[in-house]
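The values are calculated or read from the model by the stated rules, or taken from the named source; none is laboratory data. The model shown is predicted, which means the values in this text are computed figures rather than measured ones. Neighbour counts are summed over all protein chains in view; Cβ atoms, including those assigned to glycine, are modelled from backbone coordinates with ideal geometry. The accessibility values were calculated without ligands, DNA or RNA, using every heavy atom of the protein model including side chains. Shrake-Rupley method; radii C 1.70, N 1.55, O 1.52, S 1.80 Å.
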Amino acid sequence: MIAILGIIYCLGAYLVFIKFRLLKFNLFWQVIVGFVGFFGLLTILYGMNYTQPFSIGTTVSGLTTQIEARVPGKVIEVDVKDNASVKKGDVLFRMDPQPYSDDLQKAKANYAASQLKTSNAIL
C-alpha cells in the first residue's frame with residue numbers, strides 16, 4: 001500500500017515537473033516535494049498502524065477492536081472462528097463457570113448463616 005502510494009506520488013511529481021513542466025524544478029520545489037512526500041507517507045504509515053494489524057508474514061486490512069473480559073477467569077471455549085465477522089450480542093467465548101458458582105454457593109451460605117443469627121437474636 002505504501003509502495004503504491006509512493007509510486008503514484010513520484011509519478012505525479014514527474015508529470016508536473018519533468019513531463020509537462022508546469023513548475024520549474026529548482027531547489028525550493030525539490031525540498032518541498034521531498035518533505036511533502038516523506039512526511040505524507042509517514043503520516044499514512046502511522047495511521048495504518050492503528051487500523052491494520054501487522055505481522056512479518058502477513059498484513060490484514062480492516063478496523064480491529066481489542067476484546068477482553070471484565071472479569072478474571074479461564075477461557076474454556078472460543079466460539080468465533082478466524083476471519084469471521086461478529087455482530088453485537090454474539091457469544092465470543094465461554095469462561096469456566098466453576099469459580100463463580102462456588103462464590104455463589106458461599107454467598108448463599110453466608111446469607112443463610114446471617115439470617116439464622118438475626119432470627120436467634122430476635123428471639
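Summary table below
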read-out: Over the chain, relative contact order from alpha-carbon pairs under 8 Å, at least 6 apart, %; value: 13 percent
read-out: Cα→Cβ-extended label distance, 7 Å offset, between Leu22 and Ala113, nm; value: 8.2 nm
read-out: FRET efficiency, 1/(1 + (r/R0)^6) with R0 35 Å, evaluated for Asn49 and Ala69 via beta carbons; value: 0.85
read-out: Cut-off under 5 Å, modelled amide H: who pairs with Met95 long-range; value: Ile76
read-out: Cα centre as origin, Lys/Arg/Asp/Glu Cβ charges: the chain dipole, Debye; value: 440 debye
read-out: Cα-based convex hull, the chain, per residue volume (Å³, whole number); value: 217 Å³
read-out: Val36 - accessible surface, heavy atoms, 1.4 Å probe, Å² rounded to 10; value: 80 Å²
read-out: For the chain, calculated [θ]222 nm from helices alone, where every DSSP H run of n ≥ 4 adds -39500 (n - 2.57); value: -18000 deg cm²/dmol
read-out: FRET E, pair Ile2, Lys81, Förster distance 30 Å, beta-carbon r, rounded to 0.05; value: 0.50
read-out: Rounded percent of accessible protein surface that carbon and sulfur make up, the chain, 1.4 Å probe; value: 65 percent
read-out: Positive-end extreme of charge dipole, the chain - chosen from Ala69, Phe38, Ala113 (charges on Cβ); value: Phe38
read-out: Where region 13-120 is the region considered: accessible area per residue in Å², 1.4 Å probe; value: 90 Å²
